[in-house]
Each structure stands twice: as structure tokens, then as C-alpha cells.
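Contents: one structure, followed by commentary.
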Amino acid sequence: MAAETKQTCYEGSEVHSFQFYLEHSGEHEAIVQGVHSILPAQFKRIGAGKSGLDVLGVGSGGGEVDVQMLSLLQSTFPTVPITADIVEGSAELTENFKALVAKTTSLQKVQFAWHIMHSGDYEKQVKAKGDVKKFDFIHMIQMIYYVDNVDDTIKFFHSLLKNNGTLMIIVEAAHSGWDTLWKTFKKELCVDAITEYRSSAEVISSLKSQGLKYEEHIIDNTFDITECYDPNSTTGARLLSFMTATKNFHQSLSQEVRAGILELLRNKCSTLKDGRVMFNSEVRCILVHA
């Protein structure tokens, strides 16, 4: 990646920060549970009568959710060949994904193609080739925040769907804790990889403006941020750094901004349960049909 290119994926220490967040938030578990209830009926519809199935993962990270979805698709159509193209900008997370595939016996039959690049570069490469591969199922999980233009991105990936195909976009819900935090402190937080925060509201607005058919599903999730209020807690400090995309929350932001964020997190982004501060991390699964 060129030095002047805006960073849009996790590298180095940020990979560890992301994995730390996943361990403490239960986000992947919530998404996996959600897709296991939503996708079986979708997969049956998508794959009906097909002799092969082609999947595209955009911003797949370490592949934890992809492996679950591919296994589900494979169990739905055990005799149908499956290909999986994976677009992920982080070389480190891609290696994690490959290691996960190597440990998942059932996926040895899936033909993988790895594209270690950002979604925008993949789009340019596809358009330059001319010979465009189409897909039955395309998924973009928690990556729409990093693209330059939501409308263009959705339009391009939707154009790669085969007949009866589906594009799945998973994104933080409008009015969730994330949406409230990042839009309230836009000036302070939207300065690096994320320059414009988007939630399900922006995605649905784009789909409506393009006249695309979609359905929306709620995936509930909360996680405990009580330790964020203990100035001596390393866990709290690391969570705050990830949630605000800062290198070090307590050093990167002014005392006034830190106090404002902590107050907002407690009073507008979370609920109190048994004396614990539970952050609202609800996501939406939006299925866009061909």
C-alpha cells in the first residue's frame, strides 16, 4: 500500500486492538448467531437449481464470520462446488483467515481466491479487466465505513450479482451507541481511516435512492464498558482507544473531549444493568436482492 494512501484496514498493532475488541464485545458471536437465523432460507433461494455457487467476501478480516457462512452454505448444498473470492486489505488478517480455513476440514473443497487489497482497488481491477466474474452471494460486514462513496460502492458490488443473487451488508444500526458516539463527536473522531461515519440509515437511504430491493434484519448486541470508567483499568483504556479509533484515548484527546465522550457513552449510548454500563452495539443485516 502506498504511503500516501488513506489507511482503510487494520495493520500491526491495530490488528491486536481489533481482536481485543472482538474478545470483549461479543460482536462476532452476535453476528454469527444472526446470520445463522437469517441466511438458511436465503441460501436455499439463492442456490436453487444451480450447479455451482460463487461467493465474494469484501472486507472479510480474519474470516471468523466468513468460515461460518461458507460452512452453512456448504451444508445447504453439500454436492455443489463453491468458490470464495476474498477481498481484504490487511495482509495479517488474511493470513489469519487462511489459517482458519486450514483448520476447517469441510472447507478444503472450497476454491479460494485471495485479493489482498482495498475494495476500491478491487473495483478498479475488475473494471480494468473487462471479464467480470459474477457472484451468487456477496457480503460486506462492518466495512462500509471505510469506502469513499457509499452509493458508488453499493452500485458496483450489486452489479456483480448473478440472477437471484444477494448482497448482504452488515452495519451498525442507526441510533445505536456507535452511531450516537461518532456523529456527536464527528469533528474529533472522523479524522483518519473513517472520515464520514455511516450507519444503517445512510445505507438504506442509498438503496432507496438507487431503487434497489432490500430487507432489513435486527441483530441485537450489548457489551460491558464499565471498566472504561476506571482510570486505572488497562482494559477500559484499550476499549476506549478502539471505540474512538485513537492510538491512546487518554493522551490523544483533550480532557474536555474525554469527559464529554465518557458522559455520552454512559447517558446516551448505553443502559445500566445491575450496576454495569452496557453499550448498545445493535447492528443491522441488510439483504439487497439482484
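The values are calculated or read from the model by the stated rules, or taken from the named source; none is laboratory data. Owing to the predicted nature of the structure, the values given are computational and were not obtained by experimental measurement. Note that we place each Cβ from the backbone using ideal geometry, even for glycine, and neighbour counts take in every protein chain shown. Calculation scope for accessible area: heavy atoms of the full protein, side chains included, ligands and nucleic acids excluded. Shrake-Rupley method; radii C 1.70, N 1.55, O 1.52, S 1.80 Å.
Which peptide among 226-234, 62-70 comes first, and what is the full order, when sorted by highest mean count of other Cβ atoms within 10 Å?
Highest-to-lowest ranking by the protection proxy: 62-70, 226-234.
For the stretch 170-210, what value does the Rg/Rh ratio take when both radii are computed over Cα atoms and Rh is the Kirkwood radius, given to two decimals?
1.00
I want the antiparallel fraction of DSSP beta bridges within the chain, as a percent rounded to 5.
Taking every DSSP beta bridge with both residues in the chain, the antiparallel ones total about 50 percent.
Would you kindly derive the ³J(HN,Hα) couplings of the stretch 193-202 from the backbone phi angles with the Karplus curve 6.51 cos²θ - 1.76 cosθ + 1.60 (θ = phi - 60°), listing them in order in whole Hz, with x for Gly and Pro?
Values per residue, Gly and Pro as x: 5, 9, 9, 8, 6, 10, 10, 4, 4, 5 Hz.
From the cross-link list Lys98/Lys213; Lys44/Lys134; Lys50/Lys133; Lys247/Lys273; Lys187/Lys268; Lys124/Lys162, which pairs have alpha carbons spaced over 27 Å apart? Walk me through the numbers before you get to the answer.
Numbers: Lys98/Lys213 34 Å; Lys44/Lys134 18 Å; Lys50/Lys133 16 Å; Lys247/Lys273 29 Å; Lys187/Lys268 18 Å; Lys124/Lys162 20 Å.
In this structure, Lys98/Lys213; Lys247/Lys273 exceed 27 Å between Cα atoms.
Of the accessible area of the chain, with the probe set at 1.4 angstrom, what percent is carbon plus sulfur?
50 percent
Could you derive backbone 3J(HN,Hα) for the stretch 241-246 from the dihedral phi with the Karplus parameters 6.51, -1.76 and 1.60 (θ = phi - 60°), listing whole Hz in sequence and x where the residue is Gly or Pro?
3J(HN,Hα) across the stretch 241-246, in whole Hz: 5, 5, 5, 9, 6, 10.
So what is the 222 nm mean residue ellipticity for the chain from helices alone, if each DSSP H run of at least 4 adds -39500 (n - 2.57) and you divide by all residues, rounding to the nearest 500 deg cm²/dmol?
-13500 deg cm²/dmol
If amide hydrogens are placed 1.01 Å from N in the peptide plane, which non-local residues have theirs closer than 5 Å to the one on Lys162?
Hits under the 5 Å cutoff: Phe135, Asp136.
In the neighborhood of Phe97, defined by Cβ-to-Cβ distances under 13 Å, what is the net charge if each Lys or Arg adds +1 and each Asp or Glu adds -1?
Neighbour charge sum, excluding Phe97 itself: -4.
Can you give the percent of C-alpha pairs in the stretch 65-183 whose distance is more than 26 Å? List each step's numbers first, then the result.
Details: 1856 of 7021 pairs.
Summing the P(r) tail past 26 Å for the stretch 65-183 gives 26 percent.
About the Cα centre of the stretch 83-212, what is the dipole size in debye to 20, counting +1 per Lys and Arg Cβ and -1 per Asp and Glu Cβ, all else neutral? Mind dumping the intermediate values first?
On the way: 15 positive and 17 negative charges, 90 e Å.
Charge dipole of the stretch 83-212: 440 debye, to the nearest 20.
Let me know the charge dipole size of the chain about its Cα centre in debye, to the nearest 20, where only the beta-carbon of Lys, Arg (+1) and Asp, Glu (-1) is charged.
Using Cβ point charges on Lys, Arg, Asp and Glu, the chain gives about 820 debye.
Compute the signed sum of charges (Lys and Arg +1, Asp and Glu -1) over the other residues within less than 15 Å, Cβ to Cβ, of Asp152.
Taking every other residue near Asp152 into account, the sum is -2.
Could you list, bin by bin from short to long, the percent of Cα-Cα pairs of the chain in 10 Å steps?
Once binned at 10 Å, the Cα pair distances of the chain give 6, 28, 36, 22, 8, 1, 0.
In a shell of Cβ-Cβ distance under 12 Å around His175, excluding His175 itself, what net charge do Lys and Arg (+1) and Asp and Glu (-1) give?
It works out to a net charge of 0.
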